[in-house]
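Report on the structure given below.
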Amino acid sequence: MSLTELDLQYIWHPFTQQKNMLPPIAITQGRGSVLIDENGNEYIDAISSWWVNLHGHAHPYIAEKLYRQALQLEQVIFAGFTHKPAVELASRLIPLLPGNFSKVFYSDNGSTSTEVALKMAVQYWWNKRAANDEPGLKRNKILAFKNAYHGDTFGAMSVSDRSVFTLAFHDLLFDVIFIDTPTTENLTETFSLIQQHAHAIAAFIYEPLAQGAGCMHMYSASAMDMLLGFVKAQKIICIADEVMTGFGRTGKLFASEYMAVKPDIICLSKGLTGGTMALGVTACTQEIYSAYLADDKLKTFFHGHSFTANPLACTAANASLDLLLQPSALNKIDWLTNANKLWAGQLQQSAAELGIKNIRTLGTILAFEIEQGKDEYLNNISGAITQKAMAQGVYIRPLGNTVYIMPPYSLTNEEYEKIKAAVMDILSNTA
């Protein structure tokens, strides 16, 4: 049996209706920005394999570092022990992060990094109340954006928009105060709503400037800065979910760099290891951490998992950072940012003829909607676009009728032009 036939017999795929699904393509090799299937067909990975791959597939530098670490130490319990890859990664991340961060807490993916952040923020107020630092307060509500997506575990689902992703579980999710992403027109109304509930709000969680799974919705940095300033004035902990936006995706190392007001907690994953292994980071300020320092053991942060700070994953993250901070990678981010702006301008000029709208770009991300059917994740045009692009050697996976690209930084000019040509051909024959 082929890999695809064995897969169909044994495997359940994510975010995929299994009935009548197309047979999955068996990928046997990755090289730079290209994926290669078992028949030798090549596909440019224009979405970085769900936004995780930064430097290209099977990068020899990361692979060599992993090999050497695997021969030395592959895993050790992280309660009572430590190791060089974890210490090195934390000490390197802290100075790079957009804010006054002090401590790094490790987990295993983006969803758990947000779970950690939510628990960290809620227990911060519980600890303060127990210590009589804030005796009159019981802050346990979360403020979040409509259209948000923070992961698929229950806490992360609760602070995400009520959508097709969470529909079956709505009765089990905790209540959240949802607000619109900020504009100069809605800030006054939003401020009023926040002020009504500020005494009960523990934290505000947000995807800075770009909501990934929310169909790449983008919003204003200046309005967000005003919103963050107001939220901070209410003593509400600010949690930046930079799982998707981190490590150069928005044109800066972190999207929070676009705002003057910085978060108290930041969540990282996806590009953290260059797409090589699963790893999550939740970093916090000293003020947050200090609320857990006590003789009372009930104020301990009781969270962790077996693979916390896995040495191999931390090694991959250190290797990815080595590559990311080189001028060649930073220059490629700038190049992709400028190339996207140029292409967005070209798309804007012919939007009506192509049947597209809402063309937008932020750093290495470019997105637009196809004007067919509803603007929603379940729009069937997604699968048709993917198939047409694959036939031209390009892999994209639209979010419903939202087409986007977010390529790895290994992308060449020729590969970028091939992505453009494929997308333009599809649009010309779809409109």
>> I'm checking my understanding of the structure. Among residues of region 383-416 that are of a type in the set (G, A, S) and crowded, with 21+ Cβ neighbours inside 10 Å, which one is farthest from A344 (Cα to Cα)?
In response: S410
> Restricting to region 67-81, what's the tally of residues that are assigned to a helix (DSSP H, G or I) and of a type outside the set (A, V, I, L, M, F, W, C)?
Replying inline: 4
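One line per residue, one yes/no per condition, for (1) outside any strand (DSSP E or B); (2) in contact with an Asp or Glu (Cβ under 8 Å, 6 or more places away or on another chain); (3) among the hydroxyl-bearing types (S, T, Y); (4) surrounded by fewer than 18 Cβ atoms within 10 Å (Cβ to Cβ):
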| position | (1), (2), (3), (4) |
| --- | --- |
| I36 | no, yes, no, yes |
| Y43 | no, yes, yes, no |
| W50 | yes, no, no, yes |
| I62 | yes, no, no, no |
| K65 | yes, no, no, no |
| V87 | yes, no, no, yes |
>> I need a count of the residues in region 132-176 that are modelled with pLDDT under 95 and among the aromatic types (F, W, Y).
In response: 1
>> Cβ-Cβ distance below 9 Å, separation of 6 or more or different chains: which pairs start in region 376-393 with a residue that is in contact (Cβ under 8 Å) with a residue 12 or more places away in the chain and among the β-branched types (V, I, T) and end on one that is surrounded by 15 or more Cβ atoms within 10 Å (Cβ to Cβ) and assigned to a helix (DSSP H, G or I)?
In response: I385/V423; I385/I426
> Across region 91-141, what is the total count of residues that are farther than 17 Å from A202 by Cβ, part of a helix (DSSP H, G or I) and either touching a Ser or Thr at 6+ places or on another chain (Cβ under 6 Å) or free of Cβ contacts under 8 Å to residues at least 60 places away in the same chain (or both)?
Replying inline: 5
> What about M277, is it more than 25 Å from Q123 (Cβ to Cβ), assigned to a loop (DSSP other than H, G, I, E, B) and outside the structural domain of D375 (by TED's automatic domain parsing)?
Replying inline: yes
>> Give me the residue from region 170-221 that is part of a loop (DSSP other than H, G, I, E, B) and aliphatic (A, V, I, L, M) and, out of that set, nearest to V261 (Cα to Cα).
In response: L209
> Which one of these is crowded, with 22+ Cβ neighbours inside 10 Å and closer than 22 Å to I359 by Cβ: E207, E185?
Replying inline: E207
>> Tally up the residues in region 19-34 that are part of a loop (DSSP other than H, G, I, E, B) and surrounded by 13 or more Cβ atoms within 10 Å (Cβ to Cβ), please.
In response: 4
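The values are calculated or read from the model by the stated rules, or taken from the named source; none is laboratory data. From a predicted model like this one, the values you see are computed outputs, not experimental measurements. Note that we place each Cβ from the backbone using ideal geometry, even for glycine, and neighbour counts take in every protein chain shown.
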